[in-house]
Structures are given as structure tokens and as C-alpha cells.
There are 2 protein chains.
Amino acid sequence: MNAIILSIGDELVLGQTIDTNSAWLSQQLASVGCGVLAHVTVADDQPAIEQAIGHASKRCDLLLISGGLGPTADDLTRQALAAVMNQPLELNEQWLGELQKFFAARRRPMPEANRIQAMIPHGAKMIFNTAGTAAGIESVLGPCRVCVMPGVPKEMKTMFERSVLPSLREASGGAAILSRTLHTFGMGESAVAEMLGDLMRRDRNPSVGTTVSGGIVSLRVNFRFSSMSEAKAELEQTVAKCREALGALIFGEEDESLQVVVGRMLKSAPSSPTIATAESCTGGLLGKMITDVPGSSGYYSYGWVTYSNRAKEELLGVPTELLAQYGAVSEPVVLAMAGGARVRARGTYALAISGIAGPEGGTPTKPVGSVCIALAHPNGAEARTFLFPGDREFIRDRSAKMALAMLRYHLLGQKAPF
Amino acid sequence: MNAIILSIGDELVLGQTIDTNSAWLSQQLASVGCGVLAHVTVADDQPAIEQAIGHASKRCDLLLISGGLGPTADDLTRQALAAVMNQPLELNEQWLGELQKFFAARRRPMPEANRIQAMIPHGAKMIFNTAGTAAGIESVLGPCRVCVMPGVPKEMKTMFERSVLPSLREASGGAAILSRTLHTFGMGESAVAEMLGDLMRRDRNPSVGTTVSGGIVSLRVNFRFSSMSEAKAELEQTVAKCREALGALIFGEEDESLQVVVGRMLKSAPSSPTIATAESCTGGLLGKMITDVPGSSGYYSYGWVTYSNRAKEELLGVPTELLAQYGAVSEPVVLAMAGGARVRARGTYALAISGIAGPEGGTPTKPVGSVCIALAHPNGAEARTFLFPGDREFIRDRSAKMALAMLRYHLLGQKAPF
């Protein structure tokens, strides 16, 4: 089966927004063995959309369209599809009902403009949108199946996973790519590649590749096979070899984040440990990350953002002399912050972060990117000083992740390799 | 003049790499008044490339191609172009000389494979590559000008800026697109569109379009003009009309975020006001957003993450009875949180957030998405209850932004429209 992915939007052809939907859809299609012939992007221009739909539908078995389903006058995808189908648009009463419920729940009248989002071409099928107000559309053009989804990535992804992918998976009948993703944190991409050695050989199948995003170096293990038999075992064997090469550096798989993994470790520990946070330069980001995880209230209740010295003294009891002698970005001060937070939260662990996120505030001895992190635990405390490269956002992100990584290695009872 | 941008690469259609070249080229073309009809991406597959070149060259004045000029067997763009031109490939002696110099300078023999990078179709023109080993190719197909550039972004950009853009700028004779972006928060896209009314008419120039990202509804004002004279004034006039239609709903322009704008308002107020935060369901996200802004230490020092009832009582002095009577997600409790934070920080303002971010914890009277936000200020306090749609991440993001928006309207001395 071969697909074409069509993205619609002025902001895309004008280059004001980078299209990430097409790459995501391609990956999804690869996972069910569906080849992608082309990505095509056109503006919110009805003749152009019609031309693109007409041309593409003659060349593939599956045409995935995203964008142009909004409620405003520049959203023209449904009109274009109706024109190519040579069918009128008609109101889908079921989706109109959903829209009315949506607005009623928000105690707002439904704007008249939103009615168009319940219109689909005669003979087409409505696809439920669980994440927004635009109904999706499924139809056929000759032998080509056409699915129209919203352009907002989150809505598109949810709709694709719920309403399109299952039938494709069924149709694929086995030939496919099996993939697994393993995540590491704390070492650079080339260091990870060196540790993997021969596993990254280009002609290996299953193949092992690395990608980096947000400081997380991920391993992507891909296995191309033509029959499902023994495929999973083959993939598992390569995954096991990667784990052997990298050990505890691998913290998670697939969509697991550091905060999910650390949260699971805390939750599953028999002593029901808790964690508190004391943040200076990260300003709440570490608390935010910990509470990304549903159910984090089971182990997290207390956090302090102490952005000034006075706040560190008042809220966490950091001694004035310590601040004066060593400065706010120092191991003695983060140790005092973590200790103060742990005592005040009456908790098991506390993490504290203080650093210089920039762009101002650096000094020759403490340049921008200098960050001290401390972990207080029942048997004492430890502190580390890091020098992160990059801009303010980068430094803050790495600081919060590094704090979680320090806690993770402590919970594992292992020495961190960084 | 109208262009089509064609990108070539297996990694692109497989979704392993996100195409950023097309967006960059679109922006460059816009700056010289060249419209972009479509972005097209195909694999390293000669028949597919030929088909794409043939189809596109009939529909535009300028076809920009990037990718597929490498030295390996899967790089087939030059062969495909030669086939569509119906011309043989021939060696360009000048570029072969450059290649030999390139490798000699690195004291390495030139691999035989690199010879292909000096081959261009008979009748085509070689484009110099100052950043890599692949020569670019310029040619015509009927009335369409075709430029082939390497896929590596750095090589492509350098080649485009040096060898393609100058002639386009000359040809444009001043025609161009001027753009401005205005940001709003607090009303849905369709409500904003309704307020803009006729300004969003499709045939208007300057045109006004809306896009949504992270709950921020942005207006893009684009002005296509054929001479620079009075162009800026024309754009400003439409911007002024948008401002008139939306009033204070517009919080910023271009790359300004809510936190940047609120921070600037606090910083520029003569009384040097400060803001403290007390967060439950957002877990530190509001503090993180406020401290995204360099220099936020000038108005922010104190934040509390009180994720449990006990933490709300102990750290902020929320009365136990209030929590028992109204529950943690209630206006009385967030008012007490904000009041407690304001007093403890000895500050001017305090924002407090308590809500149910889900996926668990919803009840019939307080479903997932219910969020109470309070602002304590020198003359009292106000609280609002919201019901946000979406998942945990969405609800937390909108809660923090809404808190900033409430503070912004208070600082403006205006009643919020939401």
C-alpha cells in the first residue's frame, strides 16, 4: 500500500510554520509497512487544494490530508474535497450535536462560524474528533481512500491513532517495520555511539540509530521483516545488546520520560518515599516536570521557588552567612536548600537547584551555565556542580533533567557516570 | 512570479528527518515577492523525481529543488533532471578541478564516487558550492527556471543566498510581501474571527489570517505589494484596524509571549510591583513561565508548589475548614492561597492556581479541567473558575497562561473578556 500526505495551510507554504505532521504520519505509516510516495503542501486556496487532491488521488491507495478544517473563511479543505467528489456539503447532525455539547459545557454560545465544522461532503463518513471542534472526513476517490484530519498536530495525531491507524494495521497483514526506542540521558551522542560500537553498523538488521532531542539521546532500533514469525525475538535480541552496552544509562523506552521513570521508582518503593523540590534558576520547572506525571501527588506535595536570596533564607532557612560566603550558586547553598526543603516537607528526598541561566549574571569564576544541584536523602546529602552550554531555556531544561537523573541513580543505588 | 519547492530524500518521506529547507526557502521567496504554490517531497527514487520535476515545471515559473546531489548510489536528482531535459549528463571540468583541489587540501585522494558530483546535464549551468562537494545545477524546462541545490541545509542556504536570490531580487523590481504577527489569548479562534469581521476577507490586501498554537490565537497580516512606496503605511493601517477590532485582547507582537509582556508591564510600573505564585495542579509551571524571562528576578522571588492539602495549610496558611468545606479546587481556597502567598512574599500581587488536571480526580460537579485561579492585589482579590478542555498538559498550560492573562488585564485596569 502506498500513501501521499497532503498538508494544507498558508502558514506552511509561506514558511511561517514548519510542517511536522507529515514526518510524524510517515513514521506511523512505516510502522504498518505502508510506503509514502510524497509529501505535498499547498496554501488555503480552494483551486490549489482541489488540484492537489485530484492529482494525488490518482497516484496512491491512501491520501492523508491535514489542515483547513477550521471554522474561518480561510479553511477550505472540506469545500475542495466536496468539489473533487462532485458532491454537495451537508450538515452532519451527529457532529453538530457534539459541537453544541462542547460549547454548552463551556457555558458559551456556539458561534455561527463553527457550524461549518459539522459539514461533510454527501456520501463521506464523519471521523470523530476527541480533541477539538473539527470533524474529520473519510471518503474514497476511485480506488483511493481519503482521510481528512485537522492540522493542529495534537488533534491530527489523536484522530489518526484512533480512527485511521487500526484499519491500516489490519490491512498490512504482517510485512512491516518493528521499532523500539530506548532513551539515555547524561552522555553525548558520539559517546553513546562509541559505546554501541558495531551495533550501529549501517547494514545491520535490526539497525540501531541515535537521535537527540532535549538532551535525551535516543536509540532507535528498526527491524525490517517480511513475516512476523520470530521478528519480535530478533528485535528483542538487539535491544538486549544495546542494554548490555549502555547499562543504567538507558532510563526508559518509547514515550517514557525521566519524570515518569523516577515517579514509577518512587511509587513502587515499599517505603513510600516522597520528594520535595527547592528551585532557584529553574523557577518551578523541576516541580512542573515531576507533576507532568498523573498520580505524582502520591510522592510529591511540597515545592519552593526561591528566586532571591531572601526567599532562600525565609522559606528554606538557608543561613545568611552561607549565602554571603559562597554565593547563591554554590554547593553549600544548594545543600542547605535541599536540607531545608526535606525537613520542611518532612519527606524522604529533596532536590535543590541553583544556577546562572543567563543571559546576564555570569562571572569569570561562575559563567552562565554554572548550576549546582543537591539531593538530600535519609543518609545525608550530595551535591554536584555542572557547566551546561546553550541558552537560558537549554540550561534550565538540562538542570531539571539532571536533578531527576541524580535522584534516579541514587534510587538505583548506582554511581552516576556523569 | 510563482515557485514550487521540491525536496528529495528517503529520510524525509520516511519521516526520520523533518524538512526545514522548504519553510526557509518560502520565507526567502516571500521577501522578494515570489509566491509559493506548493512544497513537494519525494524519495530518492528516479522515476518519482522525474515525475515530480515534470509535473511541477509545468505549473510554476521557478522550481527550487534540494537534495539528492550526494556522491552515493541513492542520490539521483541530477540523473532525473537530465532525463526530464532529455539530455545526457556530462562532466563539468571546472567543478572537477574544484573537487580535486578540495580533496588535495585535505591530503586525501578523491574517492571515485565523488566524480558524479561534477556531472551536470548538457545545456545546464553549474552553480558554485562554497560549502560542500556537490555542484548545483541551473536549467530551464520550457518557461520554468529550475535550480537544483544540495539538501544539507547549510550548503543549500549558502548556495541560494549567493547564486539564486540576487537574480530573483533583481527580477522582482521591488515586489515583495511584508508581514506582521499579533497575538491574542483568552478567546477561541472563531470568536476572534467574528470580531475581525471583514478584515479576514480572502481577497483583502493586506490580508489577515489566524492560526492557533498553544492556545494563543495569532493574527498574521500579510501585504503583497509591487512597490515599496507606502507599503509599510498600508500594512500599519491594517494592523491598526486589527487592534481596533480586538482591543486589549491583543497582548503582543511577533515573538512576544504573555510572560514577556506581563514582565515588561511589571518592570515598567513606577511602584516596582512584585508577583508571587502559589500552585497546585500546575506544579511549578506558572513560576517556570514567569522565570522564562531574563531579568524576572526584578519582580519575582517567591513561589510555592502546594500539591497536597497539608502543604496548602502549612506553607500558605489555608484554613483547614476552608479545604474541608469547599474542597481544594474552589474559589475560597485559591483566594486563601493567593492571599497567603502575597503576605508571605510581602509582595504586591500573588497568583494562585488549583485545579483538576486529570486524567483521574474528576467528579460530576468538578470534572477534569476544572481550574480555579485567584489574583490577590493591594485592593483585594478576585477569583475565577474555568473549565478547560484537553488533556493534562493542555489543562496545565492553559491554566498558567490564564493566570498571566488575569494579571495582565488587572495591570491594564480592564475587565477581562473571558
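Compactness of segment A:110-214, taken as the C-alpha radius of gyration over 2.2 N^0.38 Å, stands at 1.61.
Starting from the Cα gyration tensor of chain B, multiply each eigenvalue by 5, take the square root, and state the resulting semi-axes largest first in whole Å. Please report the intermediate quantities before stating the final value.
Details: eigenvalues 625, 128, 75 Å².
Sorted largest first and rounded, they come to 56, 25, 19 Å.
In whole angstrom, note down how far apart the Cα centers of segment A:69-88 and segment B:42-121 are. So the separation of the two Cα centres works out to 39 Å. Magnitude of the charge dipole for segment B:274-401, about its Cα centre and with charges confined to Cβ atoms of Lys, Arg (+1) and Asp, Glu (-1), is about 180 debye.
Shown for chain A: lysine pairs separated by 8 or more places, or found on different chains, whose C-alpha atoms are under 23 Å apart, numbering 18.
For the ranges B:25-36, B:329-340, what's the packing order if you count other beta-carbon atoms within 10 Å of each residue, average per peptide, and put the highest first? Mind dumping the intermediate values first?
Working: B:25-36: 21.6, B:329-340: 23.7.
Descending packing order for the listed peptides: B:329-340, B:25-36.
Computed in the context of the full set of protein chains, the accessible area of segment A:1-97 at 1.4 Å probe radius has 48% of its extent on carbon or sulfur. Since only A:SER213, B:GLN27, B:GLN237 are under comparison, the one whose Cα sits farthest along the positive direction of the charge dipole of the protein assembly as shown, derived from C-beta charges on Lys, Arg, Asp and Glu, is A:SER213.
Length gain on complete extension for the stretch A:TYR326 to A:LYS58, per 0.36 nm per residue less the alpha carbon to alpha carbon distance?
Working: separation 268, 0.36 × 268 = 96.48 nm, distance 7.09 nm.
Stretched out fully, the A:TYR326 to A:LYS58 stretch lengthens by 89.4 nm.
For segment A:351-406, what relative contact order do you get, as a whole percent, if you take Cα pairs closer than 8 Å and at least 6 residues apart? Don't jump to the answer; show the numbers that get you there.
Working: 87 pairs, mean separation 19.3, N = 56.
It comes to 34 percent, rounded to a whole number.
Remark: spin-label model distance B:ALA105-A:GLU256 equals 4.8 nm, labels positioned 7 Å along the Cα→Cβ axis. Residues whose amide H lies under 5 Å from that of A:PHE251, counting only those 5 or more places away or on a different chain, are A:HIS183, A:THR184, A:PHE185; hydrogens are built 1.01 Å from N in the peptide plane.
Peptide A:62-75 is shielded by partner chain Cβ atoms: per residue, an average of 3 of them sit within 10 Å of its Cβ.
Evaluating 6.51 cos²θ - 1.76 cosθ + 1.60 at θ = phi - 60° for every residue in segment A:130-147, the Karplus couplings come out as 8, 10, x, 9, 8, 5, x, 9, 10, 7, 10, 10, x, x, 9, 7, 10, 10 Hz, glycine and proline recorded as x. Considering only A:LEU199, A:SER163, A:GLY188, the residue lying farthest towards the positive end of the dipole of segment A:144-205 is A:SER163, judged by Cα position with unit charges set on Cβ. Put a plus charge on the Cβ of each Lys and Arg, a minus charge on the Cβ of each Asp and Glu, and nothing anywhere else: the dipole of segment A:144-215 about its Cα centre is then about 260 debye. The distance between label points at B:SER308 and B:THR365 comes to 2.5 nm (points 7 Å beyond Cα on the Cα→Cβ vector). Based on the Cβ-Cβ distance of B:GLN414 and A:GLU170, what FRET efficiency does E = 1/(1 + (r/R0)^6) give at R0 = 51 Å, to the nearest 0.05? Between B:GLN414 and A:GLU170 the formula returns 0.40. Distances between placed amide hydrogens fall under 5 Å for A:VAL368 paired with A:GLY362, A:THR363, all partners being 5 or more residues away or on another chain. What the phi angles of segment A:402-411 give under the Karplus curve with 6.51, -1.76 and 1.60, with θ = phi - 60°, is a coupling list of 5, 4, 5, 5, 4, 4, 4, 5, 5, 5 Hz, glycine and proline written as x.
Note on B:ARG384 and B:LYS125: their simple-model spin labels are 5.9 nm apart, each label 7 Å out from Cα toward Cβ. Treating each Cα of segment A:227-309 as one equal point scatterer and applying the Debye formula with no solvent, the log10 of I(q)/I(0) at q = 0.14, 0.18, 0.23, 0.24 Å⁻¹ comes out as -0.66, -0.86, -1.07, -1.11.
Whole-Hz Karplus values for segment A:93-106 come out as 4, 4, 6, 4, x, 4, 4, 5, 4, 4, 6, 4, 4, 9 Hz, taken residue by residue from phi with 6.51 cos²θ - 1.76 cosθ + 1.60 and θ = phi - 60°; glycine and proline positions read x.
Given R0 = 22 Å, the distance between the Cβ atoms of A:GLU244 and A:ALA269 translates into a calculated FRET efficiency of 0.25.
Buried accessible surface for the A/B pair, both sides summed and rounded to the nearest 100, is 5500 Å² with a 1.4 Å probe. Remark on the protein assembly as shown: hydrodynamic radius 29.4 angstrom, per the Kirkwood mean of 1/r across alpha carbon pairs. Based on DSSP loop calls and a cut-off of at most 15 other Cβ atoms within 10 Å, the longest stretch of chain B free of exposed trypsin sites (Lys or Arg not before Pro) is what? Longest stretch, sites excluded: B:205-345. With contacts taken as Cα pairs under 8 Å and at least 6 residues apart, chain A reaches a relative contact order of 10 percent. Spatial offset of segment B:353-409 relative to segment B:123-194 amounts to 44 Å, using the alpha carbon center of each. When a 1.4 Å probe is rolled over the protein heavy atoms, the share of accessible surface on segment B:198-334 that falls to carbon and sulfur comes to 49 percent. About the centre of its Cα atoms, the protein assembly as shown shows a dipole size close to 1620 debye [charges on the beta carbon of Lys, Arg (+1) and Asp, Glu (-1) only; nearest 20 debye]. Summarising the amide proton neighbourhood of A:ASN2: residues at separation of 5 or more, or on other chains, whose placed amide H is nearer than 5 Å comprise A:ASP61, A:LEU62. Anisotropy class assigned to segment B:77-138 is prolate, per the alpha carbon gyration tensor with a/c at or over the 1.5 cut-off and a/b larger than b/c. Could you pull the copy-to-copy label distances for B:GLY413, with points set 7 Å along Cα to Cβ, in nm to one decimal and sorted shortest first? Those separations, rounded to one decimal, come out as 6.6 nm.
The values are calculated or read from the model by the stated rules, or taken from the named source; none is laboratory data. From a predicted model like this one, the values you see are computed outputs, not experimental measurements. Backbone-built Cβ (ideal geometry, glycine too); neighbour counts: all protein chains shown. Areas reflect the complete protein model, heavy atoms only, side chains present, ligands, DNA and RNA absent. Shrake-Rupley method; radii C 1.70, N 1.55, O 1.52, S 1.80 Å.
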